[in-house]
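Notes follow the structure.
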């Protein structure tokens, strides 16, 4: 158990870790590319290391190179149709599990098996398997919906697929498949989801465009990504944004944070709840806008979150629930059934955790209803192996009256290995 005691003000500035979503995609697109691609500020966390290991299993070469500070990789790609047959351990990386098959299914004559840890074996793949089969893919899964996922490369044909639920992972998977399919592939979204894949594919030379509510891609002979620069992850930054809001007297500055408009729902929601967050533009990182964010403690009030806002903040909704516990009034989160398909069932695990700390949270089929009480007592929670639940517990502990003990805090390493060290810096106890 790791204890997080009630804290005095958080002060200072830091650059959060690099964006996990962009890092995954950067490595995969670099592996699809011809020649060398340089990735600057790649995230080194358990999930993204799994992606590096995966592309090396496919025949790509990934090695570090020196450039200023940060972690940088030079990747020698295998080309769109050059992945070697292999068995791939995706670890706990759900993004990798759902994106990688899109590239592999169209490479005729080769076979792959994708498997991972116990958590991954509970994460469904039917939402990618069904539309891929509609394009001609040949794949199978345990109980037709769970890993291991067996893939046998086959000729693909373009399709129009109307997504029942907005998901950037499913969309990205189908766009990768569309690169190797015959004809045009259209992915129709009910509401827009994060667009990192489209931006990177376009920069690498793919014929991809937005057409109303659809993303359209045509087959490609080659990709040439060249350089990809990864900004700091707004999903990681959000934990310190919330700590700065909830702990009285705090002022936290977060630098070079990616503020792609398909990812900034958390800023809009928190501002609607009463937060004042200064957003100072800091240019673009490889086509992705970045900014310096400054947050100070503030009183919050309840709100409603749903509809098109959900995909723009899907990974941060557990933090919205935490903020709601400290707010005045009721907060309702709806249209977020996707939370049940994350590293844990986040509707269940977050509700359980916050109720165990003195909150009043009612889980629903597609979200939560939170009655704000002005704070949390504290207590003990389990991360259930979910990195975001672990870090949520840490933030809750700082703002609670009695502190919080988190079982399974090591899960934070999936996306933020240096979380506790960075937190110590803002609390004035780190180097």
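The values are calculated or read from the model by the stated rules, or taken from the named source; none is laboratory data. Since we're looking at a predicted model, the values are computed, not measured. Backbone-built Cβ (ideal geometry, glycine too); neighbour counts: all protein chains shown.
For residue 420, the criteria (1) farther than 14 Å from residue 6 by Cβ; (2) over 24 Å from the mean Cα position of the chain (by Cα); (3) touching a residue at least 12 places away in the same chain (Cβ under 8 Å); (4) not in a loop (DSSP other than H, G, I, E, B) hold in every case but one, which is (2). Counting the residues of the range 203-236 that are without any contact (Cβ under 8 Å) to a residue 12 or more places away in the chain and touching a strand residue (DSSP E or B) at 6+ places or on another chain (Cβ under 8 Å) gives 1. Under the condition of being surrounded by fewer than 19 Cβ atoms within 10 Å (Cβ to Cβ), assigned to a strand (DSSP E or B) and touching a helix residue (DSSP H, G or I) at 6+ places or on another chain (Cβ under 8 Å), the residues counted in the range 1-13 number 4. Considering only residues in the range 15-58 that are out of contact with any helix residue (DSSP H, G or I) (no Cβ under 7 Å at 6 or more places or on another chain) and in a loop (DSSP other than H, G, I, E, B), the one that is surrounded by the fewest Cβ atoms within 10 Å (Cβ to Cβ) turns out to be 35.
Give the residue that is modelled with the highest pLDDT, with candidates limited to residues of the range 327-341 that are surrounded by 21 or more Cβ atoms within 10 Å (Cβ to Cβ) and assigned to a loop (DSSP other than H, G, I, E, B). Out of the qualifying residues, it is 327. A single entry from 261, 248, 281 fulfils the requirement of being free of Cβ contacts under 8 Å to residues at least 60 places away in the same chain, out of contact with any strand residue (DSSP E or B) (no Cβ under 6 Å at 6 or more places or on another chain) and surrounded by fewer than 19 Cβ atoms within 10 Å (Cβ to Cβ): 261. Selection of strands (runs of 3 or more DSSP E) fully inside the range 192-247 by the criterion of at least 3 residues being more than 15 Å from residue 99 (Cβ to Cβ) and at pLDDT 95 or above returns 208-211.
Of the residues that sit in the range 154-170 and are closer than 14 Å to residue 127 by Cβ and crowded, with 24+ Cβ neighbours inside 10 Å, which one is modelled with the highest pLDDT? Of everything passing the filter in the range 154-170, 170 is modelled with the highest pLDDT. Does any residue of the range 304-317 turn out to be surrounded by fewer than 23 Cβ atoms within 10 Å (Cβ to Cβ) and part of a loop (DSSP other than H, G, I, E, B)? Yes, some residue in the range 304-317 is surrounded by fewer than 23 Cβ atoms within 10 Å (Cβ to Cβ) and part of a loop (DSSP other than H, G, I, E, B).
The rows are residues; the columns are (1) more than 19 Å from residue 250 (Cβ to Cβ); (2) buried (at least 16 other Cβ atoms within 10 Å of the Cβ); (3) touching a helix residue (DSSP H, G or I) at 6+ places or on another chain (Cβ under 6 Å); (4) in the same structural domain as residue 320 (by TED's automatic domain parsing).
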| position | (1), (2), (3), (4) |
| --- | --- |
| 363 | yes, yes, yes, yes |
| 379 | yes, yes, yes, yes |
| 385 | yes, yes, yes, yes |
| 395 | no, yes, yes, yes |
| 406 | yes, yes, yes, yes |
| 410 | yes, no, no, yes |
| 421 | no, no, no, yes |
